[in-house]
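Remarks on the structure that follows.
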Amino acid sequence: MDENRHDIMVKTSDRSALVEQIVLWGEASWWPRKSLMSFERLTGGAIAPGTKYIQKVVLPRGPRWRAEVSELTASGISRVFSDGMFSGYERVNCEPVGEGFRVDYVMHYEIAGALNKLLWALVFRRLHDQNIEEILRQLKRYMEKA
């Protein structure tokens, strides 16, 4: 599997509040309005292992795939991908560093289909990286303002 990794430092002493926002990834009030990534929750209730989503790239004919929460920990959340351009999983978690926390986004993935592989290499990888970086910056702004 390939790996896509991003991180940011967040200056806060409130780990539980940070983790709460990480768990709300895709649904939080701080989520960038112009984000190219959209999460549609398919199951009700509290976010827990088994919570299902459709993740979409908000572009004409943009890819979509299903994701399911596979793990919640005291540090973050993991989701497994299925039936779309990706197989694999993503994890967002935080670790204490200095006077705050490093928030890590890590995606382990394989891309299904030759066309998807080509589009990922030519367009989607760059857009994904830019989008994740903006999402992490928004999380940082939100937590450091709070």
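Within the stretch 101-113, does at least one residue satisfy the condition of being at positive phi and modelled with pLDDT under 95?
Yes.
Considering each of 90, 40 in turn, give the residue that is of a type outside the set (A, V, I, L, M) and either touching a helix residue (DSSP H, G or I) at 6+ places or on another chain (Cβ under 7 Å) or under 20 Å from residue 133 (Cβ atoms) (or both).
Values: 40 fails: either touching a helix residue (DSSP H, G or I) at 6+ places or on another chain (Cβ under 7 Å) or under 20 Å from residue 133 (Cβ atoms) (or both).
Just one listed residue meets the conditions, 90.
Can you tell me which residue in the stretch 33-59 is farthest from residue 92 (Cα to Cα), limited to those that are exposed (fewer than 15 other Cβ atoms within 10 Å of the Cβ) and out of contact with any strand residue (DSSP E or B) (no Cβ under 6 Å at 6 or more places or on another chain)?
Among residues in the stretch 33-59 that are exposed (fewer than 15 other Cβ atoms within 10 Å of the Cβ) and out of contact with any strand residue (DSSP E or B) (no Cβ under 6 Å at 6 or more places or on another chain), the one farthest from residue 92 (Cα to Cα) is 59.
All but one of (1) of a type in the set (Gly, Ala, Ser); (2) at pLDDT below 95; (3) assigned to a loop (DSSP other than H, G, I, E, B) hold for residue 46, so report the exception by its number.
That leaves (2) as the condition not met.
Within the stretch 29-41, is there a residue that is part of a loop (DSSP other than H, G, I, E, B) and closer than 18 Å to residue 84 by Cα?
Within the stretch 29-41, one or more residues are part of a loop (DSSP other than H, G, I, E, B) and closer than 18 Å to residue 84 by Cα.
Filter the stretch 43-58 down to residues that are free of Cβ contacts under 8 Å to residues at least 24 places away in the same chain, out of contact with any Gly (no Cβ under 8 Å at 6 or more places or on another chain) and not charged (D, E, K, R) and give me whichever is nearest to residue 138 (Cα to Cα).
Ranking the qualifying residues of the stretch 43-58, first place goes to 58.
Out of the residues in the stretch 1-52 that are hydrophobic (A, V, I, L, M, F, W, C) and in contact with a Cys (Cβ under 8 Å, 6 or more places away or on another chain), state the one that is nearest to residue 112 (Cα to Cα).
Top of the filtered list is 22.
The values are calculated or read from the model by the stated rules, or taken from the named source; none is laboratory data. For clarity, every value in this text was computed on a predicted model and none was experimentally measured. Every residue, glycine among them, receives a Cβ derived from its backbone with ideal geometry; neighbour counts consider all protein chains shown.
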